[in-house]
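The values are calculated or read from the model by the stated rules, or taken from the named source; none is laboratory data. Since we're looking at a predicted model, the values are computed, not measured. When we count neighbours, we look across all protein chains shown, and the Cβ atoms used for this are built from the backbone with ideal geometry, even at glycine.
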Amino acid sequence: MESLKDLNEMQKRAVEQINGPVLVLAGAGSGKTRVITYRIAHLKKNYGILPENVVAVTFTNKAAKEMKERVLSLTGSGQIHWISTFHSICAKVLRKHCQMLGFENNFVIYDSSDQLNMIKSIIEDLGVDERVLTPDNAQSYISSAKNQLKKPSDINEVFNDYFSEQLIRVYSVYQKRLRKNNAMDFDDLLMHAAELLKSNPDILNYYSEKWQYIMVDEYQDTNHAQYQLIRLLSSKHKNLCVVGDDDQSIYRWRGADITNILNFEKDFPDCLVVRLEQNYRSTKNILRAANSVIEKNLSRKGKSLWTENIEGEKIHHATLNSEVEEGLYICRKIKELCFNEKRRLNDFAIFYRTNAQSRVIEDMLRRENMPYDIFGGVRFYDRKEIKDLLAYMRVVLNPDDDLSFERIVNIPNRGIGEATLSKIKKIAERDSISLYKASEVFLKEGKLSLKTETSLSEFLKLICGFINLQQRISVSELTEKILEETRYAEEVIGKNKEEREGRIENLREFISAVEEFEKSPEETSLKAFLEQISLITAVDKYDENLERVTLMTLHNAKGLEFQVVFMCGMEEGLFPHFLSSNESLEVEEERRLCYVGMTRAKERLFLTNTYRRKIYGAERMNLSSRFLREISDEFIEVDRGWPEEQNSFDMKMEENSHRVWRPDATRGSDRSPDLSFSDKSDSFLRAGSKVLHPFFGKGTVLETKGTGENQKITVSFINVGVKKLSLKHANLEKI
DNA sequence: CGGATTTAACTTTTT
DNA sequence: GTTAAATCCG
């Protein structure tokens, strides 16, 4: 940074007021990251505040990383700043002080599926009737209780019946088991950190002395636990700057408390309130359209964004017949824009409300040979083989982790089945020790068959060997050792060829992730590795430099921006989602989500809906989304024809060896016949289409492969059975 | 006891 | 359409 000249008046005010509480109400695209990064640089450069005395909390690791880089380029110094997510900051604090709370510092972090597994087994063990409390329910109640810093004993305040009795039982056993396993879940990281600071004035004093300047990004999405943490930490110096936008609050369902931002002025009297209303991202059309939607919300502070950017194209709206056509429309539109406007694939993003919608779009992109990257959905670290491997690593780090122990004790198959396991569990209960230790006791007591004895002692030897090795070798070496000695690839992964290859590919990717991690200048221990990967999220790995179309849910889109945005599935029941269409508070949150999506677009915005859509097998006919109708007509234009067919695109290999798809400018474009959407007898056959063949008669399409001239089609004919045909020669007629 | 296959259930968003 | 549970079979 050379000066504050790059900032507008309002931004400058927010940066310069370094003392006391500051609330920055920052609209979408108004430069809030800029404010935070310049503020950090300003503190350092003009006031000599040391980096270690500043902490900035972000919502995702990606935002944190980006912020670190920007601060680094502003200040030119390589010192490490405390810029990271709530969860990782809490994890770091807890690693240091968790003994005060009765944990060992090698505690492991459970993700939500671990959480659910554990709750399931507790509900089973306690004999709780699933009609009263399902594991899903218990999980969400426990999570929200923790986010409100409520212990099991605090729950009676809310419920006072049989249900809450059961919930309290499950919750308290759950906490006991976590403690016994020396494990914490996501919510515990916040709750225990708050607990630690509240009950240990000297520790609180240490951190509030250390972090004299605190900044919080996306303040509208903080929950009560996070709010308390911030209050505690800032109580001494009160140099707290929060940045947020009530219109972009989309995590109420996860415990985010919008009153945190709405009441900030009351909580922190004498605060400076700065409003950033100039948008630097989008065209006038996009911004006004987004404003016309968000204005329908009643509970908002109210602000109106403006921009000096150009008018831009109108928003385009297209209604398609089916989700397949929707995907195809998007693909063709992307091709057309690549060709006519010389855009690159990484200019495009496709947003959807639910992960399930991504499949069809992916299929279409693959069919059209367009590279894409997808975020979210099944998380990489949620895959079976990865979780198995991680469970091994966790047990090596912390043998008391019963959940992971149970997962791997019989993977690969060692003949330690349910019968043996339940005996081990009994001993564990009797002596109140972990399963690992109970296994050792079991062996010593020697009341088991020779076969189980050898396999169990083999298993313990294996783990013990890893534990000893761990001191001497790197995490990647340990990973490979585990795979090798368990003969995981040979024993566990099925023989189905495609599946097998995919899984082995995943394991390779995992190893390269480990190697990547080891390159970092910070701590590279097993402990640090496991912590890092349990807190990493889908968006974190987004790389805007790859030439690929980006697919993600609207939630994941927050904080990002793209030249061209497609929002698909703009239908009642899907968006707003039918589970959020009853209460007006919920609809308002969906509307904010729509606003977030729209304001990601810089230049072009496309909205699509369909007449019919297959959702989990069943075909449904949805009305168009109310959000579509809320956009004033003056900003929107209805697309009635298919995009021009582009025949002149080629896959090319670039020097960086990334597969790059872009228009081949040496050839002209062929105009395809102008198909209107209502004319959907369409040239276009897909699985399920009914066809008529001149010789074979009536049939149903099973599958199509390839594109254009080379398209192959598999059809099941009523009279002659399944045939594979070349579309070009088959003379099929759609019926 | 373990593996493979079939059946049934359940469908939001995620740190 | 996917995944987990249930059932069957060796």
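For the stretch A:623-661, the tally of residues that are modelled with pLDDT of 85 or more and over 21 Å from residue A:349 (Cα atoms) stands at 8. When each of A:49, A:83 is tested for being surrounded by fewer than 21 Cβ atoms within 10 Å (Cβ to Cβ) and out of contact with any His (no Cβ under 6 Å at 6 or more places or on another chain), the lone residue that passes is A:49. The requirement of being on the phi > 0 side of the Ramachandran plot, modelled with pLDDT of 90 or more, more than 16 Å from DNA strand B (Cβ to nearest atom) and among the small types (Gly, Ala, Ser) is fulfilled nowhere in the stretch A:63-85; no residue meets it. Only residues that are farther than 20 Å from residue A:533 by Cβ and either of a type in the set (Ser, Thr, Tyr) or within 26 Å of the chain's Cα centre (by Cα) (or both) were counted across the stretch A:370-412, and they come to 3.
Is it fair to say residue A:299 is surrounded by 22 or more Cβ atoms within 10 Å (Cβ to Cβ), in a loop (DSSP other than H, G, I, E, B), of a type outside the set (Lys, Arg) and in contact (Cβ under 8 Å) with a residue 40 or more places away in the chain? Criteria not met by residue A:299. Assessment of the stretch A:498-505 against the conditions (within 16 Å of DNA strand B (Cβ to nearest atom), part of a helix (DSSP H, G or I) and either more than 25 Å from the chain's Cα centre (by Cα) or at pLDDT 80 or above (or both)) yields at least one matching residue. Answer yes or no as to whether residue A:454 is modelled with pLDDT under 85 and exposed (fewer than 15 other Cβ atoms within 10 Å of the Cβ). When the stated conditions are applied, residue A:454 passes them.
The residue that is nearest to DNA strand C (Cβ to nearest atom), counting only those in the stretch A:26-79 that are among the aliphatic types (A, V, I, L, M), more than 18 Å from residue A:242 (Cα to Cα) and in contact (Cβ under 8 Å) with a residue 60 or more places away in the chain, is A:74. Are there any pairs with C-beta distances below 7 angstrom linking a residue in the stretch A:614-630 that is within 16 Å of DNA strand C (Cβ to nearest atom) to a residue that is modelled with pLDDT under 90, with the two at least 6 apart or on different chains, and if so which? That search, which allows pairs on different chains as well, returns A:614/A:323; A:619/A:612; A:620/A:613. Pairing residues of the stretch A:633-644 that are surrounded by fewer than 17 Cβ atoms within 10 Å (Cβ to Cβ) with residues that are in a loop (DSSP other than H, G, I, E, B) and modelled with pLDDT under 90, at Cβ distances under 8 Å and at least 6 apart in sequence or on separate chains, gives A:640/A:677; A:641/A:674; A:641/A:675; A:641/A:677.
If you take the residues in the stretch A:200-218 that are part of a helix (DSSP H, G or I) and in contact (Cβ under 8 Å) with a residue 60 or more places away in the chain, which one is surrounded by the fewest Cβ atoms within 10 Å (Cβ to Cβ)? For the stretch A:200-218, the residue satisfying everything is A:210. Among the candidates A:319, A:283, A:307, the residue that is crowded, with 19+ Cβ neighbours inside 10 Å, more than 18 Å from residue A:607 (Cα to Cα) and hydroxyl-bearing (Ser, Thr, Tyr) is uniquely A:307.
Selection of helices (runs of 4 or more DSSP H) fully inside the stretch A:343-417 by the criterion of at least 2 residues being in contact with a strand residue (DSSP E or B) (Cβ under 7 Å, 6 or more places away or on another chain), surrounded by 17 or more Cβ atoms within 10 Å (Cβ to Cβ) and on the phi < 0 side of the Ramachandran plot returns A:358-367, A:384-397. Taking each residue of the stretch A:160-176 that is within 20 Å of residue A:192 (Cβ to Cβ) and looking for partners that are buried (at least 17 other Cβ atoms within 10 Å of the Cβ) and among the small types (Gly, Ala, Ser) with beta-carbon atoms closer than 7 Å, six or more apart or interchain, yields A:170/A:138; A:171/A:145. Being crowded, with 22+ Cβ neighbours inside 10 Å, away from DNA strand B (no atom under 11 Å from the Cβ) and at positive phi is a description that does not apply to residue A:597.
Here is a yes/no grid of residues against (1) within 19 Å of residue A:313 (Cβ to Cβ); (2) modelled with pLDDT of 90 or more; (3) not in a strand (DSSP E or B):
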{"residue": "A:555", "(1), (2), (3)": "no, yes, yes"}
{"residue": "A:569", "(1), (2), (3)": "no, yes, yes"}
{"residue": "A:582", "(1), (2), (3)": "no, no, yes"}
{"residue": "A:591", "(1), (2), (3)": "no, yes, yes"}
{"residue": "A:595", "(1), (2), (3)": "no, yes, yes"}
{"residue": "A:602", "(1), (2), (3)": "yes, yes, no"}
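Taken together, the criteria place residue A:139 among residues that are under 19 Å from residue A:256 (Cα atoms), in a helix (DSSP H, G or I) and within 16 Å of DNA strand C (Cβ to nearest atom). Among the residues of the stretch A:97-114, is there at least one that is modelled with pLDDT of 85 or more, exposed (fewer than 14 other Cβ atoms within 10 Å of the Cβ), under 28 Å from the mean Cα position of the chain (by Cα) and away from DNA strand C (no atom under 16 Å from the Cβ)? Yes, there is a match, as at least one residue in the stretch A:97-114 is modelled with pLDDT of 85 or more, exposed (fewer than 14 other Cβ atoms within 10 Å of the Cβ), under 28 Å from the mean Cα position of the chain (by Cα) and away from DNA strand C (no atom under 16 Å from the Cβ). Considered as a group, the residues in the stretch A:399-445 that are touching a residue at least 60 places away in the same chain (Cβ under 8 Å) and within 16 Å of DNA strand C (Cβ to nearest atom) include one that is nearest to residue A:482 (Cα to Cα), and that residue is A:411. Of A:99, A:79, A:115, all but one fail to be touching a strand residue (DSSP E or B) at 6+ places or on another chain (Cβ under 6 Å) and not β-branched (Val, Ile, Thr); the exception is A:115.
Pairing residues of the stretch A:105-123 that are more than 9 Å from residue A:403 (Cβ to Cβ) with residues that are at pLDDT below 85 and polar (S, T, N, Q), at Cβ distances under 7 Å and at least 6 apart in sequence or on separate chains, gives A:109/A:534; A:111/A:534.
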